[in-house]
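First up is the structure itself, then whatever we jot down about it.
The values are calculated or read from the model by the stated rules, or taken from the named source; none is laboratory data. Here the structure is a predicted model, which is why all the values come from computation and not from measurement. All Cβ positions, glycine included, derive from the backbone under ideal geometry; neighbour counts span all protein chains shown. All accessible areas refer to the heavy atoms of the entire protein, side chains included, with ligands and DNA or RNA removed. Shrake-Rupley method; radii C 1.70, N 1.55, O 1.52, S 1.80 Å.
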Amino acid sequence: MIVEDRAINASLSLKNPKPLTKENASALQIWGKVPLRGHVNISGAKNSALAIMAGTLLCGEDCRIRNLPNLVDIARMSQVLSALGVKLNRQNNTLDIDSSHIGHSKAPYELVSQLRASFFVIGPLLARLGSARVPLPGGCAIGARPVALHVRGLQAMGADVRIEHGIVHADVKGREGRLKGANIYLDYPSVGATETLMMAATLAQGETIIDNAAQEPEVVDLANFCRAMGAKIRGAGTNTITIVGVPRLHSTDYAIIPDRIEAGTFLIAGAITQSEISLSPVLPDHLTPVIAKLGEVGVRVVVEAPNRLRVIPGALKATDIKTLPYPGFPTDMQAQFMALLTLSEGNSVITETVFENRLRHVAELSRMGADIRVKGQNAIVRGVPFLSGAPVMATDLRASAALVLAGLAAEGMTIVKGLHHLDRGYEDLETKLQNLGAKLERVQLQEDSEEDDPKQTANPVLS
Ligand code: UD1
């Protein structure tokens with residue numbers, strides 16, 4: 001093993017073998033097969049936080065958001081709000097947002113293009129100011145990701161929407177400048193469209209009904225935040241959401257729910273390293289499909305306390321997975337589960353139905369010895385007895401987590417590059433893993449400038 005590690009070290013020419021800070025580091029070096037033990041704290045949900053930050057634009061008063069994760073995506077959303085004239089003050093995991101004075105309604109392209117979720121400001125801006133200019137976010141590594149459903153819904157609420165030079169121009173017609181309640185059927189239960197339209201409807205005149213709405217816990221969290229500001233919303237968490245518009249919303253103090261995807265990733269960290277670990281805070285109901293699939297694989301997850309889980313590993317066996325909108329199996333857990341299935345005895349079939357290009361981690365897992373064939377939207381995984389450490393490149397946020405998980409279980413050393421993906425959505429992943437006993441550190445690689453794939457960095461807009 002030591003010989004193998006040295007070989008990898010030599011081939012990658014480590015410039016500096018000492019641990020580096022997040023800012024200047026470029027890869028994670030992981031020594032696999034180290035058992036984990038102990039407890040991990042789960043951060044606030046990234047996807048809730050992003051939507052709720054956009055939602056503060058609805059309110060003409062101060063809002064306090066607690067349990068905000070410290071992530072690159074959150075920093076980007078803060079920049080988008082600042083660019084609109086919003087005042088932000090962050091102390092650790094608490095963010096005070098004063099959107100009483102929004103300077104203008106135009107979100108800058110260079111920011112929106114880096115964070116797809118920032119497009120969601122279009123709903124609140126339009127509802128509050130009667131006008132919004134938001135660039136189309138464009139496609140990304142996992143798929144085309146259109147916003148037609150958001151646009152159509154806003155049009156149904158009376159907005160005049162035009163796309164000119166890549167910018168969505170939305171204006172409310174009529175003298176009163178208020179959106180009108182409407183019956184909206186979504187062709188697909190899009191999380192972003194549901195959130196955009198729900199936010200817009202909170203200040204619209206009359207009642208809006210969103211049918212075939214997304215039911216994700218982050219949609220419910222956003223609805224609860226809006227309700228805490230005085231919005232009238234019912235049905236969030238079901239496929240029909242009804243919103244009765246009010247003239248204005250008021251200040252609130254709100255704590256974000258725990259991140260179910262981060263929690264799921266740590267459950268798999270326990271399973272893949274055959275280690276018993278516990279995690280909190282979590283809302284176990286949000287993890288039902290992940291816990292059920294872990295059970296089929298042979299991994300028990302015990303609810304120790306209302307918000308605390310313990311993962312109890314077992315011999316891993318194959319199972320099939322199909323990603324679906326909530327309460328189906330989350331697409332944001334597909335890559336991590338694939339890492340686990342590479343080491344599970346038998347053949348598994350993973351079907352990705354939510355995004356059209358979300359199997360790019362297959363090639364990287366294969367570099368570590370995984371046996372996976374891709375046919376269309378299906379990945380057929382034949383379990384292998386072991387993975388071996390290798391240099392690999394993260395292709396998107398959750399793929400980066402999958403490679404870290406594979407590295408924890410592999411023999412020898414793995415080097416995960418493309419860490420800008422990881423830092424978008426995992427708060428201090430390596431520190432949390434180190435506290436569980438994992439052996440990993442950030443390092444800088446000499447080869448960065450020569451081998452960094454411009455495609456990986458040019459458009460980092462992902463989930
Ligand atoms: C959100 C999550 C992301 C997660 C995804 C699906 C955030 C910030 N991100 O992304 O982590 O992976 O939900 O659970 O919350 N679609 C259309 N037309 C539209 C909108 C969407 O066809 O107008 C399609 C998309 O191309 C995709 C599918 O719907 O195939 C799901 O997308 P959507 O639910 O909108 O995902 P996001 O809200 O972007």
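Structure notes:
- Over all orientations, region 35-123 has a Cα convex hull whose mean projected area works out to 6.6 square nanometres.
- Among the GluC sites (Glu not before Pro) in region 158-264, those placed in a DSSP loop whose Cβ has at most 12 other Cβ atoms within 10 Å are Glu176.
- Order of exposure, largest accessible area first, which applies to His150, His286, His250 with probe 1.4 Å: His250, His286, His150
- Taking amide H as placed 1.01 Å from N in the peptide plane, Ala255 has its amide H under 5 Å from the amide H of Arg66, each at least 5 places away in sequence or on another chain.
- A DSSP coil position with no more than 16 other Cβ atoms inside 10 Å describes the following GluC sites (Glu not before Pro) in region 335-440: Glu356.
- For Ile122, net neighbour charge (Lys/Arg +1, Asp/Glu -1) across residues whose Cβ lies under 14 Å away: +3
- Backbone N within region 303-346 under 17 Å of label point (7 Å from Thr353 Cα along the Cβ vector): 320-335
- Ordering Thr208, Thr351 by accessible surface, largest first, gives Thr351, Thr208; the 1.4 Å probe counts only protein heavy atoms, with every chain in place.
- Accessible surface of region 46-255, 1.4 Å probe, proportion on carbon and sulfur as whole %: 48 percent
- DSSP assigns beta bridges within the chain; of those with both partners inside it, close to 75 percent run antiparallel.
- Longest to shortest principal axis, alpha-carbon extents of region 46-255, angstrom: 41, 36, 35
- Surface analysis of region 46-255 yields an accessible area of 38 Å² per residue, using protein heavy atoms and a 1.4 Å probe.
- Over the chain, volume per residue of the alpha carbon convex hull, in Å³: 129 Å³
- Computed E for Glu61/Gln444 - FRET, C-beta separation, R0 35 angstrom, nearest 0.05: 0.20
- FRET efficiency, Leu129 to Val246 (Cβ-Cβ, R0 22 Å, nearest 0.05): 0.85
- Here the extension length gained between His420 and Asn307 equals 37.7 nm, from 0.36 nm per residue of separation less the Cα-Cα distance.
- Over 19 Å (Cα to Cα) - which of Lys87/Lys232; Lys106/Lys232; Lys293/Lys322; Lys46/Lys180 fall in this group: Lys87/Lys232; Lys106/Lys232; Lys46/Lys180
- Trypsin sites (Lys or Arg not before Pro) restricted to region 234-334 and DSSP loop, no more than 15 other C-beta within 10 Å: Arg248
- Proximal charge balance of Leu111 [Cβ under 12 Å; K/R count +1, D/E count -1]: +1
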